[in-house]
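What follows draws every value from the coordinates through simple rules; no lab data is involved. Quantities reported herein were computed from a predicted structural model and do not represent experimental measurements. Neighbour counts run over all protein chains shown; Cβ positions are idealised from the backbone, glycine included.
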Amino acid sequence: MTGLRASRIGGPGPIEVGGTGAGYDVARVREDFPILRRQVRGRPLVYLDNAATTQKPQAVIDALGGYYSGINSNVHRGVHQLSELATEAFEAARETVRAYFNASAVEEIIFTRNATEGINLVAATFGRANVGEGDEVLISAMEHHSNIVPWQMLCEASGARLRVAPIDDRGELILEEFERLLGPRTTLVAVSHMSNALGTVNPVEEIVAIASRRGVPVLLDGSQAAYHMPVDVQALGCDFYVATGHKLYGPTGIGVLYGRRARLEAMPPYMGGGDMIASVTFEKSTWNVLPYKFEAGTPNIAGAVGLAAALDYVTAVGLDVIGAHEQDLLAYGTSALEQMEGVRLIGTARRKASVLSFVMEGIHPHDIGTIVDREGVAIRTGHHCAQPVMDRFGVPATARASLAMYNTREEIDTLVRALERVRDVFK
Ligand SMILES: *Cc1c(COP(=O)(O)O)cnc(C)c1O
């Protein structure tokens, strides 16, 4: 299987472009991402929409091609050699994911389509079994719609109540309020590890500690955190953790749900179908063992293989050095934007990562996005699937530049120049 794993990996080298020192060679890393060589609107691409999805290293592209050209077949079924190879690759990918999140066993790693499906799975199964009339689900005011709507649907169906812990003007969770809202009827806490709209990194260790003291399980939405910082689900002590492959430098259509084994064992299945059963008769079917109980139908085999290649790549470069590089860019970008007249940063938490969300006085965020696009700069504008966050800050939308391992200080300079042009247009 090693032939399908990451083969070209950015390592320390002599040249540093806008780097942070400490041997991180961003120019070398950029070489591994072929899309960064293309032009957009006649200019070099400056990709700053990473919180929506990240670009893919060659190792991931090769793994996908290698899977389809070398071993494609269905898993867990055939006795023929290709099926054995595909099954081996798929299960090796699960082990790579387990190690990345430091889960204690591969049985605790469920492959999903994305983070959204992971959250819906927990809402539909844990929720159906445990959340009833009068119970409460506690989330925070900074959640992505994916971590709001499934709980709303569950509450509507069960007669439970959705409680929302507020955030302050910096975009930080108000922990005292969170603790106050965690009542005797709270059945589940679901909060993001890191906000996609604000960049806030939540004090998840404390959140888990507070909830655990009352025996309330915690789901963490790691869609953002998982590609900016090391995640250790055992150290965190959470019951569920979700992540999404396409933000982790992997393919679309593959995601991860970590669940503590005892929780998963006690939960009913999600979708019914092939692979998730032990036996089927028209009278009664019985469920397969973990993790297959939650993986009905043919899974995204190539996606899992591609995700494993992405995790191998990120691990080889090192999440700690990636995180340090991104923190340097964040500080650099924050101070550049703070110095710009008429620019207001939305989300100034003391602990934050990789997100510069902002508004410009008198200019609609969509106009900002359109004008900087002409300079080859890709940012996101809108509510970022977090409308309640926009309401909290009294803005309809923000412009958001979000950073990843391959971005440079020069790219932030280009963004700032483009924003100056925006301001000139509206003078
Ligand atoms: C992107 C994102 C999601 C949803 O990810 P999908 O891949 O669309 O399922 C959920 N939560 C946060 C914080 C995100 O950034």
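Condition check ((1) among the polar types (S, T, N, Q); (2) over 22 Å from the mean Cα position of the chain (by Cα)) across all residues:
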position	(1), (2)
115	no, no
134	no, yes
139	no, no
154	no, yes
180	no, yes
189	no, no
217	no, no
223	yes, no
Among 301, 346, which is closer than 30 Å to residue 268 by Cα and in contact with a helix residue (DSSP H, G or I) (Cβ under 7 Å, 6 or more places away or on another chain)? 301
Filter the range 324-345 for residues that are closer than 20 Å to residue 226 by Cα and buried (at least 18 other Cβ atoms within 10 Å of the Cβ) and give the result. 325, 326, 328, 329, 330
Quick check on the range 95-141: of everything there that is closer than 14 Å to residue 153 by Cβ and among the hydroxyl-bearing types (Ser, Thr, Tyr), which residue is farthest from the ligand (Cβ to nearest atom)? 125
If I go through the range 21-66 residue by residue, how many of them are among the acidic types (Asp, Glu) and within 16 Å of the ligand (Cβ to nearest atom)? 1
Mind listing whichever residues of the range 252-265 are at negative phi and within 16 Å of the ligand (Cβ to nearest atom)? 252, 254, 255, 256, 257, 258
Residue pairs qualifying under the 8 Å Cβ cut-off, at least six apart or on distinct chains, with the first in the range 197-209 being over 17 Å from residue 146 (Cβ atoms) and the second being among the aromatic types (Phe, Trp, Tyr) and crowded, with 21+ Cβ neighbours inside 10 Å, are 207/178
Please identify the pairs in which a residue from the range 359-387 that is under 22 Å from residue 38 (Cβ atoms) has its Cβ atom under 7 Å from the Cβ atom of a residue that is aromatic (Phe, Trp, Tyr), counting only partners at least 6 apart or on another chain. 378/47
When you go through 255, 245, 272, 250 one by one, which is the residue that is among the small types (Gly, Ala, Ser) and either over 30 Å from residue 68 (Cβ atoms) or more than 12 Å from the chain's Cα centre (by Cα) (or both)? 272
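Listed here are the residues, each with its yes/no results for (1) within 16 Å of the ligand (Cβ to nearest atom); (2) over 22 Å from residue 324 (Cα atoms); (3) out of contact with any strand residue (DSSP E or B) (no Cβ under 6 Å at 6 or more places or on another chain).
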site: 205; (1), (2), (3): no, no, yes
site: 243; (1), (2), (3): yes, no, no
site: 250; (1), (2), (3): yes, no, yes
site: 271; (1), (2), (3): no, yes, yes
site: 286; (1), (2), (3): no, yes, no
Complete set of residues in the range 226-235 that are within 16 Å of the ligand (Cβ to nearest atom) and surrounded by fewer than 24 Cβ atoms within 10 Å (Cβ to Cβ): 229, 231
As an exercise: evaluate residue 56 against (1) among the basic types (Lys, Arg); (2) more than 30 Å from residue 145 (Cβ to Cβ); (3) not in a helix (DSSP H, G or I) and give the number of the one condition it does not meet. (2)
Meets criteria (within 19 Å of the chain's Cα centre (by Cα), surrounded by fewer than 22 Cβ atoms within 10 Å (Cβ to Cβ) and of a type outside the set (D, E, K, R)) for residue 382: yes
